[in-house]
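Beneath this line is the structure, given in structure tokens, with notes to follow.
Coordinate-derived values only; no laboratory data. None of the values given here were measured: they were computed from a predicted structure. Every residue, glycine among them, receives a Cβ derived from its backbone with ideal geometry; neighbour counts consider all protein chains shown.
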Amino acid sequence: MSFIDRFRKQIGTRSRGRVIPFNVRAWKFRTFKKDLTEIDLFVACVDALARNIAKIELRAVQKKKDDVSVVDRSSDLARVLKKPNEFMTEYDFLYKVAALYYTSNNVFIWPEYDEKGTLISLWPISYRNFSVVDVDGVLVAKFQLNYFNTYSVPYSQLIHLRNHYLNDDLFGESNDVILPAAELMDAQNQGIINGIRNSALIRGILKSMNVLKDSDIEKARDKFVSDNLRASNNGGVMVLDGKFDYQPLESKPYMVDADTMEQARKKIFDLLGVNEDFLQNKFDSNGYESVYEGRIEPFCIMLTQAMTAKLFTDRERGFGNEIEANMARVKYQPMSTVVQVINATQQLGLFMRDEYREMLGYAPLGAERGGDQIMIAVNNYQPIEGDNDDGTDD
């Protein structure tokens, strides 16, 4: 059965007499007034966040009683986390989820299972509109996809991530608060473009000193353009007799002042929690750490918690099964800082050999080659001059 066929399946079980403390019939996704993906700065910020989030590694783990995590690398879930669906790699999946999250503030991921109940795919849903309705006590999510087809699926089956989760009981808020700044930036771009177009269309006014017929006016205009405004007029000199007066027009685009534009840019940066250095990859370790702590890590916590809740049963979660985000590829530190960390910890036995190799950017050795051995530096004893092996002085 195909992805679309499974997505279209009707609800199999329904429950009656369920008490829901919200007015579910009023839940409906509020679409944006304008498309923020047309604003270049907004797209660049979302892209920068999505590119860095897509570097994380999702993995299924089981935490034992001693708080040691055992990584699952062979189950169907582990396979799907590495290749979420037939069209996406792990990087593609994480990029898509992050981009949808910051653009629409609501992300829906549909886990696809086969007839035996085995997880086979994870699908981020791109939609135009979304609503939830109550069907005999069961919440049903209805999606109008980007190609206008509409499908329904039980809301309980979806992994739902939400940003700006403030007023609504189910959805994250829209990005309407940023629209004034986005519209200002769009107006600036449109003003520049229209100014260039207008300057190419109307260059001046040719005024006749006498009254002419309409046909003579057109002939005079065409002759003036042919004689003076064509590309072959390399000298750039116009010659007119006393019958005409030429008044050139200068078309200048309206420019918003620099302070106003900077305020508009700052609003978009503030909404997405990034800065220009992060956007242009000019950050240092402190600058990257601030974005990591404020944006990337909270997103990963939310994603892994939501996936854990939906992909494991209560019993499985009770045995310590969860989805974990390995942040090793995301954390940014210059090599000098990494070396300082290694020197400061090598005598404490805090890290395994493969963890040190990972810090330095090398591939792991694996347990069979000693990669899981705790590394402890041993200082060789050097006798001090004047000491004897028996502990007595000369």
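Please give the FRET efficiency for Ser131 paired with Lys65, using the beta carbon to beta carbon distance and R0 = 51 Å, rounded to the nearest 0.05.
On the way: r = 45 Å, r/R0 = 0.87.
Step by step, r from the Cβ atoms, then E = 0.70.
Taking 0.36 nm per residue of sequence separation and subtracting the Cα-Cα distance, how much length would be gained by fully extending the chain between Glu115 and Glu355, in nm to one decimal? Walk me through the numbers before you get to the answer.
Working: separation 240, 0.36 × 240 = 86.40 nm, distance 3.99 nm.
Roughly 82.4 nm would be gained on extension.
Highest average first, the peptides 38-49, 259-270 ordered by how many other beta carbon atoms sit within 10 Å of their residues are 38-49, 259-270. Electrostatic tally near Pro124: other residues with Cβ closer than 10 Å to its Cβ, Lys and Arg +1, Asp and Glu -1, net 0. Taking each of Lys96/Lys116; Lys96/Lys267; Lys142/Lys282; Lys63/Lys116; Lys83/Lys142 in turn, the alpha-carbon distance tops 32 angstrom for Lys142/Lys282.
Residues whose amide H comes within less than 5 Å of that of Asn321, counting only those at least five positions distant or on another chain, are Lys63 (H built at 1.01 Å from N in the peptide plane). If R0 is 30 Å, the Cβ-Cβ spacing of Ser75 and Asp40 corresponds to a FRET efficiency of close to 0.10. The protection proxy used here, the mean number of other Cβ atoms lying within 10 Å of each residue, ranks peptides 98-110, 170-182 as follows, highest first: 98-110, 170-182. Remark: Phe143, Phe283 ranked as Phe283, Phe143, counting other beta-carbon atoms within 10 Å and listing the fewest first.
Once R0 is set to 45 Å, what does the formula 1/(1 + (r/R0)^6) return for the Cβ-Cβ distance between Asn149 and Lys223, expressed as a FRET efficiency to the nearest 0.05?
On the way: r = 59 Å, r/R0 = 1.31.
Efficiency, from the Cβ-Cβ distance: 0.15.
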